[in-house]
Every structure is written in structure tokens, then in C-alpha cells.
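Worksheet: one structure, shown below.
Read-outs throughout are calculated quantities, based only on the coordinates presented, and are distinct from any laboratory measurement. Here the structure is a predicted model, which means the values were calculated and not measured. Neighbour counts run over all protein chains shown; Cβ positions are idealised from the backbone, glycine included.
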There are 2 protein chains.
Amino acid sequence: MSKKNIFYAQSGGVTAVINASACGLIETARKNSDKVGKVYAGLNGIIGALHEDLIDTSLESDEDIHALRHTPSGAFGSCRYKLKSIEESKAQYERLIEVFKAHDIGYFFYNGGGDSQDTAHKVSQIGEKMGYPVTCVGIPKTVDNDLPITDNCPGFGSVAKYVAVSIREASFDVASMAKTSTKIFVMEVMGRHAGWIAAAGGIAAEKEGDAPHIILFPEVAFDQEKFLAKVDNAVKNYGYCSIVVSEGVRNAEGKFLAEAGGTDAFGHAQLGGVAPVVAQMIKDNLGYKYHWAVADYLQRAARHIASKNDVEQAYAMGEAAMNLALEGKNAVMPTVVRTSDNPYTWEIGSANLADVANVEKMMPEDFISEDGFGITEKCRTYLQPLISGEDYPPYENGLPKYVVLKNQLVEKKLPTFDFDE
Amino acid sequence: MSKKNIFYAQSGGVTAVINASACGLIETARKNSDKVGKVYAGLNGIIGALHEDLIDTSLESDEDIHALRHTPSGAFGSCRYKLKSIEESKAQYERLIEVFKAHDIGYFFYNGGGDSQDTAHKVSQIGEKMGYPVTCVGIPKTVDNDLPITDNCPGFGSVAKYVAVSIREASFDVASMAKTSTKIFVMEVMGRHAGWIAAAGGIAAEKEGDAPHIILFPEVAFDQEKFLAKVDNAVKNYGYCSIVVSEGVRNAEGKFLAEAGGTDAFGHAQLGGVAPVVAQMIKDNLGYKYHWAVADYLQRAARHIASKNDVEQAYAMGEAAMNLALEGKNAVMPTVVRTSDNPYTWEIGSANLADVANVEKMMPEDFISEDGFGITEKCRTYLQPLISGEDYPPYENGLPKYVVLKNQLVEKKLPTFDFDE
């Protein structure tokens, strides 16, 4: 049997550690060069496969591939393109198989969230049907932490650490100025649908009075009166109030708070995020001076403060995916299985893509405190290990030394394929 | 001669390393306990002295004092209270001397920016006049980097490092998604009057095409047409455009861009900062999808990514201030004297407060590139060493272990003093 080549693609929003998964996969493939061929990566994700834009990773040095372990973002480019059902996107699925066939690709690794696992699952089905079976393995990734079965999703732990560290630091700042100046600090974090990232801010509060004093979750309908009372209470008791707000917070009518601020002079919806809306609401009602921050991409790109457990798990998921494929497993995804909370121990498991695809793991209700403004001990026990350990990148001239790969494309063998990007 | 006690206060906006200066001062005072008495710190800065709220730092353990070296914010509290001229604020100056007299304080250390150095200078004059001479020494601190004579201001190097690291990381993220998604990233940084902090973002761009592609300085009147052309050029050449914008950017009429966005539904001025204004302008004119971040306090509190040179200089300034006082120097401020750019070497100097007070060091014109959107090599040569080296705090449970002092107050000896805070 000839050695089959590998196709790997990064999908959706990138993270501080998705390249660590790529590193784990490629290094493991290189170690098994007697069994598998080259690793081709899709330029800008799955659309690279559709365009036959395949990056030949065998042209990258071992050193550069190893540097992926500490480089944030998607080194081969990612995209938000989602393949629909096989019926609706039949041409695309067939094109994928044609490209795989043309380049002797026998393995398809898709590194992404729920949608990507669904795509990987469908590719495994269509390959079979078209008489060109491809071993399809998903690699979990998403800062949203919403994949089922796995203990957590690589990428989340590092965002969580960034948020917890940042709110602690900024709150120290506010605490020291609060007597005569800013009393309110609002930090906006990602999480359109689920409060996992916002919850991570709660880890910074270790004892009564510690910041953050309030967390606003997308899961809890915003109650302005209760919220303002809680803010005022924090200021009166601790001298200041530090707040983590999820971008996805909605009011009782289900409308995003970020959109509730009205329109600007040009008639646009409020440009700012939810942080300035919440801050201004406090100022209007309680009169306290505020500051606010919107972390946006800084949080998911912050490789400089990545969680060691997260980096290790991301690498391990890439490695495990390759090993699963070598064992002949198809339509599966490696998972993190937690075996103990404290000390945190974990091992590699695997899940069927059929069970992962399109299942969204929400934050359990008992992770949010009764008043809706904080996390429970159960939540803390879950989150704590995910932010643990530091894994600093190398520095040069005061800056992290991240790798930019050559990303040379393989010669095309097929006619152009037109599709609606 | 009996041993005189020491008064130390933190002033103005705090930084990631102002406590390192406190640490240098207190540790040096403890080493010289044969010559000086206790170190009292003002609770919330100078207003602590006016209220006779003096923290007895001798009650803090050596270990906790040492932990100040890696703890951001102002451990004793800071304030933005500014004493006016001796004529206008005579009662306050006299009160300070009375408090110093009551607590046998012979040394006044004021850790802050230009205003604080001015206050320290005035206190040295009034003490003399009132027949209770106090040795007054300023300790430089400001993220704005606008003190004269000293090579740089402790606090600035760490913000600079945060900004350079953050824009590099977020730009890697955007670069990998730009093909099908976000093409524009705008990061807002501090700097109402001077572009030092924005300029620091420029260090991240080491070669043609590197991010950030554009820096908007308060020193350069915003030219929308030129700006948009530059944005479009970056997107066409590099696939995306990464922008660092100073909060203080103004248009040709001198109006802050942040205020140009109109009012919200309640008639308030635009809640957002300048980043969303700039991002929306690009969207409206060029149609590119954007993301933006406002770092706010995260940047000046980010002890987790502090510059090693900055931490060392902050500590050294506290230490040198104590040594200057022990040498009998009055109305002076220790400074950083650069003796070589590369390798960066520096030594301790000192300046007269009279020469420091109320002199603002602006960014030299030849630090900004000819088109007004970037930094020159001269600027890079100056900034590079300031962000160099890492100085990580200790971690516990995945979070930096910052110290919170006991901050016990000394018993009051004087009647209450009323003043307009």
C-alpha cells in the first residue's frame, strides 16, 4: 500500500494555541514518515482545498514547525466558510474528494469547532460514497468551549487565563485610584452565546471583596435594577466595582445590550461594544466615574500569557488525531478526558464525529451563582486547572518570536473550481 | 541627631512598576535603619498626608515589601489631587509640614509625574520657610514618558512592551483570517497629548509589511483622505491593515476624533473611544470588515508582561532616591542616564526638581516618519531597549500572585484638616 498524503485545515476563529495542534499533528506525521506521506495544509482553511491551494508543509524546517507550538493565530490561514448539507453543497464535497484524489490524500484533519466537526463527518460519508474513502479526524478547537464530550476545547484555557489575569491587574489599578478617581471598571470579553469566557474572570476573585465583583453572562437576562444595586453595594463596601461583561449580554426582551445604546450622528447603531453602554448606565444612575476596556482579539491571540495546560492539550490533540488516523479510526475526534480535578490529571479519549457534530455544550446552570452575577465553587473547580501553568514563548528584542512559515503551494493538477465563497 | 522618619506617596495614574520604586525605597531605608526611621506611606497619596492618614510600612514583612517589586498598581493608594501654587494652596503646604513635624518626618519622597515633581519642589521651599526643613526627593513615574532630563520614565517601558506585544499578537490573528473575514484591526492606546505609547506599537513592525501598518499620533493632525488611502494600500498589499491609534488623535480643527462620532440616543457624546470611530470610518468608506480593541487600564496594569529594564529602573529609582536623601541632597530627582543604545547601558543620574517641574518632554519630530503614520529608525533605537527583557511575576493557581499589604495607619496626633479634595 502506497503512503497516502495528509490534508490539514484550520477553521473558524483562530486561537493562541491552534498552531500547537498543527505542530502536534505535523511532528507526529514526520515521526511516522514510513507510514504517511506529506502534510498538505489548506491555504485559508477549507477554501484552500476547494481552490486546490495546498501548502506543502514538507518544505518547512523542523525548527519552524516546532515554533508553531508557541505561535498564536492560524499559520496557514483560516476561514469562516461552512459547508452546508451534502444535498445543498454536493459540488463542494465532491470537489474536496477530487482534490484529495488528485494529490493522493488519504487523511483529512479538520481543526475547528462544532461546524467543522460536522463537515469532517460529512466528508467521511461522501468519500465512502464516491469510492474514495478518506480517513477523517476532527481536532477540537474553540475559545467558546462549546464542544461536547471533551473536558474542554483547546484555545479556551488561554483566553480564560488572559481574562482572569487582565481583570485582576486592572482591578488592582482601579482599587488604588478609587478614593479620588475611577470607581468603576468594565471589561468586555468574548462570548456571544455562552458565558464560559466571562466566567473565567471569576477565577480572579479568590475571597470576599476580590475583583471582579460582578460578571454579566449571556445566560442571565440583564436586570438593570438588580445590577445597579450590586454595583453600588460593591463601591460602598470595597471602594470600587470591577465588572466583566460578556459581549452577548441581553436584556429581558432578548436584545443585545450592546445594541441598546442608540445610533450615532450618522444613524449607525452604537459603535461601541457593551462595555461602554454598561459603564455609562452606571454613571447616569449612580454618578461614578468609570473606565472600560474591550479586549477583542487581544484575548484570543494572547500567546504570551497562554495556559500551559492549554498548550499541552492543544499539542496532544494534534498528536492524538494523527495517531487515531494511523490506527485506522475514521470519523472521530480526540478528546480531553478529565480524571481528577485537583491535582488536575487528564488523558486522551476519542469521540465519534456523529456525536460531536452540531451539539453545543452550554454552561451548566449550577456554574452561575444564585444572584446571577458570579460563578459557583463547582464552576471554579472546573475552570481552575484550565488556566494553570505558564508557557512563555521565546523573546527577541523584547518581543515574542513568532514564526511566519513559507507557505509554498503545491502545483495544481485540476481545473479551476468556482463556488460561492 | 535623632533618626528622622520618611514620608512616601504615590501620585497620579498608577503603573505596572510604581510599586517596584516603593520597594526600592523601602528596602534601602530598611538597610539604612541606623540612619533613618520608619517609612510612612500616604494613604491614597498626598491626601493621606493632608488627612494625617499615614500607613506604617514597618508593620509589613520583608517578604511582602519585596513582593511590591512584582505587584502592579499603587499599593498604598494614589490620587489625582494637585497642590496649586504656594500662594493659592498655602494652607495645604503648611498642613503637610505640620503633619511631618508631628510625626518626626524629615524626608519627603513623591513618586509621580511632572505635577508631583513640582509639588515636591514647592514642599522643599515651604519647609525651609517654616523653619522645618524637609529633604524632598522626587521619584520619576509616568506611563506618558513626558518627564524631562531622564532617559525615560519608569512605567512607560512596560506599557510600551504591552502595546507592542499585543498589536503583534492581534495582527497575527487578523492576518490569518483576513482572506474571508476581518481585514481591519484597530487598537486604541493611551496618550492624550503625546504619542509615546502609540509609537511603541511601531516596534512590532520589524520589516516591510509587518503590522502595525499605521500609527495615528496626537502630534499629527488626522487627514482622513491620506489615512484611508494608506489603509487601502495595506489591505491590497498585505491582505489586511493593522492600526494603533492614540486616544488623543485630533482632526485639523483640533477636535478629538473620539468626540467626532456624534451622540447616542440619550444625547450623550459618543460612548466609545476613538478606535470604533476610526474602524467605522474605514467600513463606511472602504467597506472592509473590522474589529477593534480598547486596552485602557489593561495596558498600564499589565505587570505580567512588564519590561525587565523598566522594572529594574523603577526599583533603581526608588533605591537612588533614598541614597540621594542620605547624601543630604534636597529638591532633586534621580534619573536614568543612557550611556549606550546597543547594547543598552544606563546609569543613575540626578536632576534638580526646579529643572523637572512643569517641563513636558514631547516626542521629537524626527521620531515620526515623514508620512506621519509610523516611527523612524531613530525612534526605534530609542524605544527598543525600553521594552527589552521579561520579568515575570510568580504565579499561583494560574494567576500572578500580587501582594495586598496590611496598610495599618499610624495613630493621629493632629486635629482634622478640612480641604477641598
Using Cα positions and a limit of under 14 Å, work out the aspartates and glutamates in reach of B:Lys413, with same-chain residues fewer than 8 apart set aside.
-> B:Glu52, B:Asp53, B:Glu98, B:Asp104
Excluding residues fewer than 8 positions from B:Lys84 in its own chain, the aspartates and glutamates with Cα under 15 Å of it are B:Glu94, B:Asp115, B:Asp118, B:Asp420, B:Glu421
Determine the alpha carbon to alpha carbon distance for each of A:Lys179/B:Lys31; A:Lys3/A:Lys31; B:Lys3/B:Lys101; A:Lys35/A:Lys129; B:Lys183/B:Lys283; B:Lys141/B:Lys308 and list only those over 22 Å.
-> A:Lys179/B:Lys31; A:Lys35/A:Lys129
Could you work out which residue, out of A:Ala41, A:Ala320, A:Ala221, moves most in a Gaussian network model of chain A, that is, has the largest mean-square fluctuation with Cα springs under 10 Å?
-> A:Ala221
Taking Cα pairs under 8 Å and at least six residues apart, what relative contact order does chain B come out at, in percent?
-> 23
If one builds a Gaussian network model of chain B from Cα atoms under 10 Å apart, the most fluctuating residue listed among B:Gly248, B:Gly328, B:Gly77 is B:Gly328
For B:Ala354, the net charge from surrounding residues (Cβ-Cβ under 11 Å; K, R +1; D, E -1) works out to -1
Positive-end residue, chain A charge dipole about Cα centroid, Cβ charges, pick of A:Asn145, A:Val249, A:Asn358 = A:Asn145
Straight-line reach from B:Lys255: which lysines have Cα under 21 Å away, leaving out those fewer than 8 places along the same chain?
-> B:Lys226
About its Cα centre, the stretch A:64-180 carries a charge dipole, from +1 on Lys and Arg Cβ atoms and -1 on Asp and Glu Cβ atoms, whose size in debye to the nearest 20 is 180
Which of A:Pro400, A:Pro154, A:Pro343 moves the most in a Gaussian network model of chain A with Cα springs under 10 Å?
-> A:Pro343
In what order do A:Cys379, A:Cys241 fall by count of nearby beta-carbon atoms within 10 Å, going from fewest to most?
-> A:Cys379, A:Cys241
Summing -39500 (n - 2.57) over every DSSP H run of at least 4 in chain A, dividing by its residue total and rounding to the nearest 500, the 222 nm mean residue ellipticity is -10500 deg cm²/dmol
Which value, in debye to the nearest 20, gives the size of the charge dipole of the stretch A:300-421 about its Cα centre, when Lys and Arg are +1 and Asp and Glu are -1 at the Cβ?
-> 520
In the stretch B:82-171, the trypsin sites (Lys or Arg not before Pro) that fall in loop regions by DSSP, at most 16 other Cβ within 10 Å = B:Lys82, B:Lys84
May I ask what percent, to the nearest 5, of DSSP beta bridges between residues of the stretch B:156-301 are antiparallel?
-> 10
Assign unit charges at the C-beta atoms only (+1 for Lys and Arg, -1 for Asp and Glu), then state the dipole size of the stretch B:334-388 relative to its Cα centre in Debye, rounded to the nearest 20.
-> 240
Positive dipole terminus of the protein assembly as shown, leading residue within B:Ala321, B:Ser2, A:Thr57 (C-beta point charges) = B:Ser2
Once both label points are put 7 Å beyond Cα along the C-beta direction, the B:Ile86-A:Glu347 separation in nm becomes 7.9
Which of B:Val39, A:Ala234, A:Phe76 sits farthest toward the positive end of the charge dipole of the protein assembly as shown, with +1 on the Cβ of Lys and Arg and -1 on the Cβ of Asp and Glu?
-> B:Val39
FRET efficiency for A:Lys129 and A:Lys255, using Cβ-Cβ distance with R0 set to 41 Å, rounded to 0.05 = 0.40
Relative contact order %, the stretch A:13-95, counting alpha carbon pairs below 8 Å whose residues are six or more apart = 43
